[in-house]
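Q: Have a look at the structure that comes next, please.
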Amino acid sequence: MLYTIPDYYEAFSCTADACEDTCCAGWQIVVDEEALERYRAEKGPYRKKLREAVCWRDGTFRQDPLRRCKFLKEDNLCEMYQQLGADSLCKTCRTYPRHTEEFEGVREISLSLSCPEVTRMLVGRQEPVEFLNYEKEGEEEFDGFDPFLYSYLVDTRDLMLITLKNRRLPVENRMMLMLGMAHDLEERVKKGALFSCGDVLDTYRKETYFSAAARKAERYKMDWKRRYTFSRRTFAMIRKLELLQPEWKQMRTETSRILFSDGWRGYRNLHKEFVRAEVTGFDREILTEQLLVYFIFTYFCGAVYDEKIFVNAQMAAGSVALIWDFLAARWLKNGKTLDQEDVIEVVYRYSRELEHSDRNLKKIWKLLEKQEKLYR
């Protein structure tokens, strides 16, 4: 079995009670069957607490009125961990913020941006992210898995990641090249021309093709009516999603009011002023690159299961555009200042709402298919 991880994976360490927004509150923790069996079999003095704090019917941990896990103490440490040890934790609590995508013979493990500490690592990072491979014993076959499509998806993603990290190009140009690869690959797949997909990669390896991406990027940057319409429709979409945390609703509503109250000209003027402003603690181009790399690595190859290739690239680009909308609004709200902690909060709250609900992910993919394409 081949495993792939980002190069900062081993550097992560949970900050536990020092975390500004504990992962043990605000959302439901789903418990795996193996852990439930262990809790049922517990005979010691902690048996009574387990019986009271586990919702056996739903397979979740109960929460108090503040939506904090029943095992979470006032000092933000886990009582179960302290009483029964690390082995007592369910799979969700043991693995978070690690996220695994499964393919035949491959496991790709990322660290979710919904964790403030992971986001802090990425926001503060200057160097491009690299991905490391290692092997473990194990073999598995998936029914209906298309190894040829998966191979082309992996090759395309590899070229996307190389392109996204090419800092000789403006990041908007890199994004357009990424979207172009996804668009052209999907067109070949739709036509049943899978074995010609290599031609797409050959085309995008040529530096002479970069000028086409530059023209698309420039048109996108200058077309403020289109950007405004895309943003407004996207905010309308996310209002329809399952709400996981109340703080998100307030942030979403406040941002929408700031962005759209003065029409497309107000939206344009805000972003232009924000781009010109001196903001400390992060580099716009590098942060955009890191976010695009994260979303493409995490989701792009999942298209092997549904052939929705372009929408996964569109989600990466759309997510980054949305995050910059939130940051521009936060900058204005803060009296035209923004720091690294603002960026961290915006990114991890966005990730919590969009990435930690299968229902939300499916909705956003479906809605993005109907949305005007960022690439044309």
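The values are calculated or read from the model by the stated rules, or taken from the named source; none is laboratory data. If you're wondering where the values come from, they're calculated on a predicted model, not measured in any experiment. No Cβ is skipped: glycine too gets one built from the backbone with ideal geometry, and neighbour counts run over all protein chains shown. Quick note on the areas: whole protein, heavy atoms, side chains included, nothing else; ligands and nucleic acids left out. Shrake-Rupley method; radii C 1.70, N 1.55, O 1.52, S 1.80 Å.
Q: Consider the stretch 239-260. How many of its residues are exposed (fewer than 12 other Cβ atoms within 10 Å of the Cβ), acidic (Asp, Glu) and closer than 16 Å to Leu327 by Cα?
A: The total comes to 0.
Q: Going by the conditions given, is Glu127 part of a loop (DSSP other than H, G, I, E, B), open to solvent by 50 Å² or more (accessible area, probe 1.4 Å) and of a type in the set (Asp, Glu)? Outline the logic, then answer.
A: On the way: part of a loop (DSSP other than H, G, I, E, B): yes; open to solvent by 50 Å² or more (accessible area, probe 1.4 Å): yes; of a type in the set (Asp, Glu): yes.
Against the criterion (part of a loop (DSSP other than H, G, I, E, B), open to solvent by 50 Å² or more (accessible area, probe 1.4 Å) and of a type in the set (Asp, Glu)), Glu127 qualifies.
Q: Follow-up question, since we're still on this one. Looking at the stretch 196-217, which of its residues are part of a helix (DSSP H, G or I), touching a residue at least 40 places away in the same chain (Cβ under 8 Å) and not β-branched (Val, Ile, Thr)?
A: Step one: list which residues in the stretch 196-217 are part of a helix (DSSP H, G or I), which gives 196-204, 207-217.
If we keep only those that are touching a residue at least 40 places away in the same chain (Cβ under 8 Å) too, we end up with 197-198, 200-201, 204, 210, 213-214, 216-217.
Within the stretch 196-217, Cys197, Gly198, Leu201, Tyr204, Phe210, Ala213, Ala214, Lys216, Ala217 qualify.
Q: Out of the stretch 193-226, which residues are basic (Lys, Arg), open to solvent by less than 100 Å² (accessible area, probe 1.4 Å) and over 14 Å from Met176 (Cα atoms)? Quick ask: steps written out before the conclusion?
A: We begin by selecting, within the stretch 193-226, every residue basic (Lys, Arg); these are 205-206, 215-216, 219, 221, 225-226.
Now drop any that are not open to solvent by less than 100 Å² (accessible area, probe 1.4 Å), which leaves 216, 221, 226.
Matches in the stretch 193-226: Arg226 only.
Q: Considering the stretch 139-166 alone, what residues qualify as being modelled with pLDDT under 90 and open to solvent by 50 Å² or more (accessible area, probe 1.4 Å)?
A: So the first thing to find is which residues in the stretch 139-166 are modelled with pLDDT under 90, and the list is 139-145.
Matches in the stretch 139-166: Glu139, Glu140, Glu141, Asp143, Gly144.
Q: Select from the stretch 280-296 the residues that are open to solvent by 10 Å² or more (accessible area, probe 1.4 Å) and under 16 Å from the mean Cα position of the chain (by Cα) and list them in ascending order. Walk me through it before giving the result.
A: Taking the stretch 280-296 as the starting set, the residues that turn out to be open to solvent by 10 Å² or more (accessible area, probe 1.4 Å) are 280-286, 288, 294.
Listed by number, the residues that qualify are Thr288, Tyr294.
Q: Separate question: What number of residues within the stretch 164-178 are closer than 24 Å to Asn133 by Cα, assigned to a helix (DSSP H, G or I) and over 19 Å from the mean Cα position of the chain (by Cα)?
A: Residues flagged as closer than 24 Å to Asn133 by Cα, assigned to a helix (DSSP H, G or I) and over 19 Å from the mean Cα position of the chain (by Cα) within the stretch 164-178 amount to 0.
Q: Also, I was wondering about something else. State whether one or more residues within the stretch 53-62 are polar (S, T, N, Q) and assigned to a loop (DSSP other than H, G, I, E, B). Give the steps one after another, and end with the answer.
A: Keep residues of the stretch 53-62 that are polar (S, T, N, Q), which gives 60.
Add one more test, that the residue is assigned to a loop (DSSP other than H, G, I, E, B), and what stays is none.
No, every residue in the stretch 53-62 fails to be polar (S, T, N, Q) and assigned to a loop (DSSP other than H, G, I, E, B).
Q: Out of Ser110, Ser88, report the one residue that is open to solvent by less than 40 Å² (accessible area, probe 1.4 Å) and under 27 Å from Phe145 (Cβ atoms).
A: Working: Ser88 fails: under 27 Å from Phe145 (Cβ atoms).
The conditions single out Ser110.
Q: Return the residues of the stretch 319-356 that are open to solvent by 10 Å² or more (accessible area, probe 1.4 Å) and more than 17 Å from Gln250 (Cβ to Cβ); say none if nothing qualifies.
A: Within the stretch 319-356, Ala321, Trp324, Gly335, Lys336, Thr337, Leu338, Asp339, Gln340, Glu341, Glu355, His356 meet the criteria.
Q: Hey, among Leu149, Leu132, Leu50, Leu66, which residue is touching a residue at least 40 places away in the same chain (Cβ under 8 Å) and in a helix (DSSP H, G or I)? Quick ask: steps written out before the conclusion?
A: On the way: Leu132 fails: in a helix (DSSP H, G or I); Leu50 fails: touching a residue at least 40 places away in the same chain (Cβ under 8 Å); Leu66 fails: in a helix (DSSP H, G or I).
Matching residue, one of Leu149, Leu132, Leu50, Leu66: Leu149.
Q: Would you confirm, using the coordinates I've provided, whether Phe274 is open to solvent by less than 20 Å² (accessible area, probe 1.4 Å), in a helix (DSSP H, G or I), farther than 21 Å from Thr4 by Cβ and touching a His at 6+ places or on another chain (Cβ under 7 Å)? Give the steps one after another, and end with the answer.
A: Working: open to solvent by less than 20 Å² (accessible area, probe 1.4 Å): yes; in a helix (DSSP H, G or I): yes; farther than 21 Å from Thr4 by Cβ: yes; touching a His at 6+ places or on another chain (Cβ under 7 Å): no.
No: the conditions fail for Phe274.
Q: State whether one or more residues within the stretch 261-268 are on the phi > 0 side of the Ramachandran plot, more than 25 Å from the chain's Cα centre (by Cα) and open to solvent by 20 Å² or more (accessible area, probe 1.4 Å).
A: So the first thing to find is which residues in the stretch 261-268 are on the phi > 0 side of the Ramachandran plot, and the list is 263.
Of the ones still in play, those that are also more than 25 Å from the chain's Cα centre (by Cα) are 263.
From what is left, the residues that are open to solvent by 20 Å² or more (accessible area, probe 1.4 Å) are 263.
Scanning the stretch 261-268 turns up at least one residue that is on the phi > 0 side of the Ramachandran plot, more than 25 Å from the chain's Cα centre (by Cα) and open to solvent by 20 Å² or more (accessible area, probe 1.4 Å).
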